[in-house]
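Heads up, the thing below is written out as structure tokens.
FYI, it's all coordinate maths here, none of it is from the lab. Since this is a predicted model, take the numbers as computed values, not measurements. Neighbour counts run over all protein chains shown; Cβ positions are idealised from the backbone, glycine included.
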Amino acid sequence: MDPAELLENFIKLFEDYKDNLKVLNYLIEHDMIHPSFEKRYILNNDDFPFTISDMIRKNDNVVEFYLEAASGCPYKGEVIFDGRWCLKSFRFQCQGCFGDDSLCNVCGSSGWGVL
Ligand SMILES: [Zn+2]
């Protein structure tokens, strides 16, 4: 699976299952997520479905994806190569700063994640 296929399959899981726990179990069973993946972002997700709005290849081993949920909420996914392509992170934009504050205390200025 290349990074784009991996992410497309990932997005499709939400449409097929409409159940966060089932999505997560599928990802684990099929070895689609990295061990460092933060599962809480999927388990607390209530935005369906997603569309990919942009894809940025950072280097040979890292690809970033920008997604938009049906609600309009922006999400960011990171796919990395570690023996195979797998999902490293999947987070929504910080509700504290909306990615717009380099000194944000909520997200540590990453602009993404935090529940
Ligand atoms: Zn923030």
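Some points to look at:
- DSSP bridge orientation in the chain - percent antiparallel, rounded to nearest 5: 95 percent
- A simple charge model with +1 on the Cβ of Lys and Arg, -1 on the Cβ of Asp and Glu and nothing else charged puts the dipole of region 22-115 at about 180 debye relative to its Cα centre.
- With pairing defined as another cysteine C-beta under 4.7 Å, the cysteines of the chain that fail it are Cys73, Cys86.
- For Phe48, the amide hydrogen comes within under 5 Å of the amide hydrogens of Ala70, Ser71, counting only partners 5 or more places away or on other chains and with H modelled in the peptide plane.
- Relative contact order [Cα under 8 Å, 6+ residues apart], region 24-105, whole percent: 24 percent
- Over region 1-106, the hull volume per residue, using the convex hull of the C-alpha atoms, is 109 Å³.
- Over all Cα atoms in region 58-115, the spread is summed up by Rg and Dmax: 12.6, 35 Å.
- Full extension of the chain segment joining Asn105 with Asn25 gains 25.6 nm, where the gain is 0.36 nm per residue of separation less the Cα-Cα distance.
- Full extension of the segment from Asp82 to Asn44, taken as 0.36 nm per residue of separation minus the current Cα-Cα distance, would add 11.1 nm.
- Trypsin sites (Lys or Arg not before Pro) within region 1-57, DSSP loop, no more than 13 other Cβ atoms inside 10 Å: Lys18
- GluC sites (Glu not before Pro) within region 30-115, DSSP loop, no more than 16 other Cβ atoms inside 10 Å: Glu38
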